[in-house]
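Asker: Sharing a structure, written as structure tokens. Questions coming.
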Amino acid sequence: MPSSELFDHQPQEYRDGVLPLEVTARVAVEQSSTLPWERYMGRRGHIIGMKTFGASAPLKERQKKFGFEPDRMVAVAKNLLRGR
């Protein structure tokens with residue numbers, strides 16, 4: 001979602017089409033603040049992202065620390081689909 005602000009101003013029918021209520025296993029990946037995503041994830045959703053400000057390290061180290069590696073993201077999604 002490029003802009004949560006624009007998304008929030010769309011008609012409810014559109015928003016429900018993008019994020020259907022019956023889909024509860026949701027994963028958001030955000031390499032910035034995770035705050036906007038919390039309102040879209042629901043109780044079962046999971047956000048992979050930075051919850052701190054000002055992390056400084058080489059890109060690969062930050063990606064590993066915050067869970068932005070493909071294997072980690074796949075594991076999170078699989079666990080949600082299994083109901084964990």
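Asker: Assuming 0.36 nm per residue, please report the length gained on full extension of the stretch Leu21 to Arg62 beyond their Cα-Cα distance.
Answerer: 11.5 nm
Asker: Just from its helices, what would the mean residue ellipticity at 222 nm be for the chain, if runs of 4 or more DSSP H residues each count -39500 (n - 2.57) and the sum is divided by every residue, rounded to the nearest 500 deg cm²/dmol?
Answerer: Value at 222 nm, helices only, nearest 500: -11000 deg cm²/dmol.
Asker: Could you pull out the chymotrypsin sites (Phe, Trp or Tyr not before Pro) across the range 8-59 that fall in loop regions by DSSP (anything but H, G, I, E, B) with no more than 12 other Cβ atoms inside 10 Å?
Answerer: Filter output for the range 8-59: Phe53.
Asker: Please calculate how many Å² of accessible area the chain carries per residue, with a 1.4 Å probe and no DNA, RNA or ligand atoms counted.
Answerer: 77
Asker: Figure the gain on full extension for Ala75 and Ser33 (residue separation times 0.36 nm, minus the Cα-Cα span) and round it to one decimal in nm.
Answerer: Between Ala75 and Ser33, full extension yields 13.0 nm more.
Asker: Can I ask one more? Pull out the extension gain between Tyr14 and Met1, defined as 0.36 nm times the separation in residues minus the alpha carbon to alpha carbon distance; nm, one decimal.
Answerer: Going from the current span to full extension adds 3.4 nm.
The values are calculated or read from the model by the stated rules, or taken from the named source; none is laboratory data. All of these numbers come straight from a predicted model, not from anything done at the bench. Cβ atoms come from the backbone with ideal geometry, glycine included; neighbour counts cover every protein chain shown. Please note that ligands, DNA and RNA were not included when accessible areas were found on the heavy atoms of the full protein model with its side chains. Shrake-Rupley method; radii C 1.70, N 1.55, O 1.52, S 1.80 Å.
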